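Beneath this line is the structure, given in structure tokens, with notes to follow.
The values are calculated or read from the model by the stated rules, or taken from the named source; none is laboratory data. Because the structure is a prediction, the values reported are computed rather than measured. In this analysis, Cβ positions are derived from the backbone assuming ideal geometry, glycine residues included, and neighbour counts consider all displayed protein chains. Areas reflect the complete protein model, heavy atoms only, side chains present, ligands, DNA and RNA absent. Shrake-Rupley method; radii C 1.70, N 1.55, O 1.52, S 1.80 Å.
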Amino acid sequence: MTDCQLYLISPLNVSGEFPQRLERALDAGAGLVTAFQFRVKGMDQHEAARLAAPLQAICAARDVAFIVNDSIALAKRIGADGVHLGQDDGDPKDARAQLGREAQIGVTCHASKHLAMEAGEAGADYVAFGAFFPSTTKETEHRPDPEMLEWWSTLFEIPCVAIGGITPANCAPLVKSGADFLAVSGAVWNGDEAAAIAAFAEAMRAA
């Protein structure tokens, strides 16, 4: 059994049927999916908070951490479990001050050892490296290799998240290299979410 877990990232559209899809995905991945990132772009906070509410309840009922992408203010407003910061989204120390000691704060570090060490020193709870593979979810320019995960997990205790174009077919090297979490989005939401989670579970066990 692998210690690596799944970190689900929402599609940009979380309205309509999405709450039911999230329930299916989390139920299929009980014990494997331990975090969910709410990632919506270009909408006001009021609307974002409204869309987050049912998803947050679904996660809370299943003991899955609910992390807000980019916005410390939104995370604070809705009482999220944490926030994920890109390099331009604010400082982990500021997030900690606003969200409290218990909040999970993650930082995107692309392919940079330097950024990752800085994030760790600033008090991040996890660092994210990627994109490991071409991604349809997001434009990617940084391309680390799996050794980056091995380097980090050997030296540091802070968990590392691998992100970017990860599928059941290509995830094995990342699991083997010591990723604590695989962040996945398109590979789950672009098809049958329950089947995708089952395929990840199988591939991660085999790795």
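Using the Karplus relation 6.51 cos²θ - 1.76 cosθ + 1.60 with θ = phi - 60°, the per-residue 3J(HN,Hα) values for the stretch 190-204 come to 7, x, 7, 4, 5, 5, 5, 5, 4, 5, 4, 4, 5, 5, 6 Hz, with x marking Gly and Pro.
Extending 7 Å from Cα along the Cβ direction at Q98 and again at A172 yields two label points whose distance is 4.3 nm. Please state the shape class of the stretch 1-46: rounded when a/c is under 1.5, otherwise prolate if a/b exceeds b/c and oblate if not, all from the C-alpha gyration tensor. Note, shape of the stretch 1-46 comes out oblate. Amide H contacts under 5 Å for T140: S135, restricted to partners 5 or more places along the chain or on a different chain, H placed in the peptide plane at 1.01 Å from N. The charge dipole of the stretch 1-76, taken about its Cα centre with unit charges on the Cβ of Lys, Arg, Asp and Glu (plus for the first two, minus for the last two), comes to roughly 100 debye.
Solvent-accessible area per residue for the chain at a 1.4 Å probe radius, Å²?
Working: 9690 Å² over 207 residues.
On a per-residue basis, 47 Å².
Each residue of the stretch 46-62 was assigned a 3J(HN,Hα) from its phi angle through the Karplus expression (A = 6.51, B = -1.76, C = 1.60, θ = phi - 60°), giving 4, 5, 4, 5, 5, 5, 6, 3, x, 5, 4, 5, 4, 5, 4, 5, 10 Hz with x at Gly and Pro.
Take the Cβ atoms of E141 and M117, set R0 to 25 Å, and the FRET efficiency comes out at 0.75.
Summing Cβ point charges (Lys, Arg +1; Asp, Glu -1) relative to the Cα centre of the chain gives a dipole of roughly 260 debye.
Net charge near P159, counting Lys/Arg +1 and Asp/Glu -1 over other residues with Cβ under 13 Å of its Cβ? The partial results should precede the final answer.
On the way: positive: none; negative: D3, D125, E157, D180.
Local charge sum for P159: -4.
Given the pairs K41/K176; K76/K176; K138/K176, which are separated by over 29 angstrom at their Cα positions? Working shown, then result.
Numbers: K41/K176 33 Å; K76/K176 35 Å; K138/K176 25 Å.
Violating the 29 Å Cα-Cα cut-off are K41/K176; K76/K176.
With Cβ to Cβ distances under 10 Å as the rule, what net charge do the other residues near E23 carry (K, R +1; D, E -1)? Combined, the nearby Lys, Arg, Asp and Glu give +1.
Can you give me the % of accessible surface on the stretch 51-107 that is carbon or sulfur? Probe 1.4 Å, all protein chains present, nothing else counted. About 45 percent, which is the carbon plus sulfur part of the accessible surface. By accessible area, using a 1.4 Å probe on protein heavy atoms only, the stretch 131-195 has 53% of its surface on carbon and sulfur.
Here the 3J(HN,Hα) profile of the stretch 73-87, calculated from phi with Karplus coefficients 6.51, -1.76 and 1.60 at θ = phi - 60°, is 4, 5, 4, 5, 4, 9, x, 5, 6, x, 9, 10, 10, x, 5 Hz, Gly and Pro shown as x.
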